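Every read-out reported here was derived from the displayed coordinates using simple, explicitly stated rules and does not represent laboratory data. Only a predicted model underlies this, so the values are computations on that prediction, with no experimental measurement involved. Note that each Cβ is placed from the backbone with ideal geometry, even for glycine, and that neighbours are counted across all protein chains shown.
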Amino acid sequence: MLRDSTQRAFLEILEQNEIPFELNRGDNVLRMGDTGSVILFRSLEEFERLRGTNLAWFGVDELTYTHEEGWLRLEGRLRDPKAKRLCGFGVWTPKGYDWVYRRFVKQAGESYKVTFAKAKENRHILDAVPDFYERLKNTYGEEFYRQEVLGEYVEAGTDRAYRKFNEGTHVRKKGINDEQPLLWSLDFNVDPMCSVVAQRDGEALHVVDEIVLRRSTTVEACEEFWGRYRGHWSGVHVYGDASGAHGQTSGKSDHQVIREFFTKKGQRDVELRVLRSNPGVKERIELVNARLLNAAREVRLTVDEKCKKLIVDLEEVSFQKGTFTLEKSKHPELTHLSDALGYLIWYEFGNTKKYGEQGNRLL
């Protein structure tokens, strides 16, 4: 894309306007003839290679196909002392509610400005092919047309795992009920160690908090939970990954560590609610979707607005294309919080007895 799209268009503009330049194709470095300014053409696939470069400005094409860290590296290099104005820009077609959406649309700060360009504003294409967009409308599906042609933010498609989640519907501010137990569910992962805190109200579940710790242990997770909720004496129910029952390098399992921690703190009404084995990924995620919105159009799962990382998880976690395997390689920090939530929901609402033939006598 760098060579066939961005660089080609850039060179055509220079040549059409008779602007002198020299291009070193081996290094992909262009020097402007009149000003001596140097322009680097680089891929953001390996953004760590951008370290050490002092920039006056940068531009990124197809921003949604890059990592957020690449953008941040470029922002950090805007420090050329000769520049009268330091700035960067990116252009993109929406690709679901990803980091680009969060940074520039949903939570845009004062340092960012977003321009939404409608398809038919591109007079250059319409001058050459007047029915260009009508052709695409007849070829593309409705959602794909709205995203790729109209530039609208729509659902990311069937690969999105928690497809029933909608921020406007499911994110609500709700206080903690001191008379109800806290439901604490963990995903036993070292980096990050993630957990969610929720409360149940009949068939409804509300996530009140999230805990995310980098390079942490189960004991440190317990200490963080205790620091936030030591005054809650209506009970604590602990859920989590079934792997927590296995012994660690210390010889103790995560479940043993949690039980001993609360015993030492004097909080006796702590109940471990863990499964012998984890449910299937597809079944667990479908149960979460059913709590978000079931066939009767009932919403029975909500999330507090301060659970920002969990909200990102529910918006962005996806399956590998054509499978029910979660995509973890692109964004390693995703899936952990939603996994923790899934274990809790499976125990509370999916861990039911099967009806039908039984191996024992009824009478």
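Charge dipole (Cα centre; +1 on Lys/Arg Cβ, -1 on Asp/Glu Cβ; no other charges) of the range 2-148 amounts to roughly 540 debye. Close amide H pairs (under 5 Å, H built 1.01 Å from N) link Leu326 with Gln320, residues at least 5 positions away or on another chain.
Where the only charges are on Cβ atoms (+1 Lys, Arg; -1 Asp, Glu), what is the dipole of the chain about its Cα centre, to the nearest 20 debye?
Taking the Cα centre of the chain as origin, the dipole is about 700 debye.
Ordering Val91, Val270 by the number of other Cβ atoms within 10 Å of each residue's own Cβ, fewest first, gives Val91, Val270. The order of Val105, Val114, Val312, going from fewest to most other C-beta atoms within 10 Å of their C-beta, is Val114, Val105, Val312.
How big is the antiparallel share of DSSP beta bridges in the range 167-350, given as a percent to the nearest 5?
Values: 16 of 28 bridges.
Expressed as a percentage, antiparallel bridges in the range 167-350 total about 55.
Based on C-alpha pairs under 8 angstrom that are at least 6 apart in sequence, the range 185-332 has a relative contact order of 22 percent. Toward the positive end of the charge dipole of the chain, about the Cα centre and with charges on Cβ (Lys, Arg +1; Asp, Glu -1), which of Ser111, Tyr239, Asn189 goes farthest? The residue sitting farthest along the positive end of the dipole is Tyr239. Between Asp241 and Leu186, Phe188, the built amide H atoms are under 5 Å apart, and every one of these is 5 or more places off in sequence or on another chain. Between amide H atoms placed 1.01 Å from N, distances below 5 Å from Leu55 occur with Leu78, Arg79, Asp80, all of them 5 or more places distant or on a separate chain. How high is the relative contact order of the chain, in percent, with contacts defined as C-alpha pairs under 8 Å that are six or more residues apart? Relative CO of the chain lands at 14 percent.
Convex hull over the alpha-carbon atoms of the chain: what's its volume per residue in Å³?
Values: hull volume 82.3 nm³, N = 363.
Per residue, the Cα convex hull of the chain comes to 227 Å³.
Using the structure shown, list the pairs from Lys173/Lys264; Lys113/Lys173; Lys95/Lys118; Lys173/Lys282; Lys252/Lys328 with a Cα-Cα distance above 22 Å, or answer none. Distance filter (> 22 Å) returns Lys173/Lys264; Lys113/Lys173; Lys173/Lys282; Lys252/Lys328. Extending 7 Å from Cα along the Cβ direction at Glu333 and again at Asp34 yields two label points whose distance is 4.4 nm.
Selection among Trp92, Gln16, Asn54 by position relative to the dipole of the range 1-101 gives Asn54 as farthest towards the positive end (Cβ unit charges, Cα centre).
Relative contact order for the range 2-148 using alpha-carbon pairs under 8 Å, separation at least 6, rounded to a whole percent?
Details: 129 pairs, mean separation 21.3, N = 147.
Normalised by residue count, the contact order of the range 2-148 is 15 percent.
Electrostatic tally near Thr217: other residues with Cβ closer than 12 Å to its Cβ, Lys and Arg +1, Asp and Glu -1, net -2. Using the Cβ-Cβ distance between Cys87 and Lys173 with R0 set to 41 Å, the FRET efficiency from 1/(1 + (r/R0)^6) comes to roughly 0.65. Restricting the range 271-331 to trypsin sites (Lys or Arg not before Pro) that sit in a DSSP loop and have at most 12 other Cβ atoms within 10 Å of their own Cβ leaves Arg276, Arg297, Lys321, Lys330. Between Thr217 and Glu68, the distance separating the two model label sites (each 7 Å from Cα on the Cα→Cβ line) works out to 3.0 nm.
Go ahead and run the numbers for FRET between Asp80 and Phe41, Cβ-Cβ distance against an R0 of 30 Å, rounding to 0.05. All intermediate terms of the calculation are to be shown ahead of the outcome.
On the way: r = 17 Å, r/R0 = 0.58.
My answer for the efficiency is 0.95.
Per-residue 3J(HN,Hα) values for the range 29-37, derived from phi via the Karplus relation 6.51 cos²θ - 1.76 cosθ + 1.60 with θ = phi - 60°, read 10, 10, 10, 6, x, 7, 9, x, 5 Hz in sequence order (x marks Gly and Pro).
In terms of Cα atoms, the Rg and Dmax of the range 2-148 work out to 17.7, 51 Å. Once you have a ≥ b ≥ c as the square roots of the Cα gyration tensor eigenvalues for the range 167-350, tell me rounded if a/c is under 1.5, and otherwise prolate or oblate according to whether a/b is larger than b/c. Because a/c hits 1.5 or more and a/b fails to exceed b/c, the range 167-350 counts as oblate. Between Lys265 and Asn54, the simple label model (points 7 Å from Cα in the Cβ direction) yields a spacing of 5.1 nm.
Once the C-beta distance of Glu134 and Asp159 is scaled by a Förster radius of 35 Å, the resulting FRET efficiency is 0.80 to the nearest 0.05.
Based on other C-beta atoms within 10 Å, arrange Cys307, Cys87 from fewest to most. Before the final figure, lay out the partial values.
On the way: Cys307 23, Cys87 12.
Least to most surrounded, the residues fall as Cys87, Cys307.
Derived scalar couplings between HN and Hα for the range 49-58 equal 6, 7, 4, x, 8, 9, 10, 8, 7, 8 Hz in order, rounded to whole Hz, by the Karplus curve 6.51 cos²θ - 1.76 cosθ + 1.60 (θ = phi - 60°), x for Gly and Pro.
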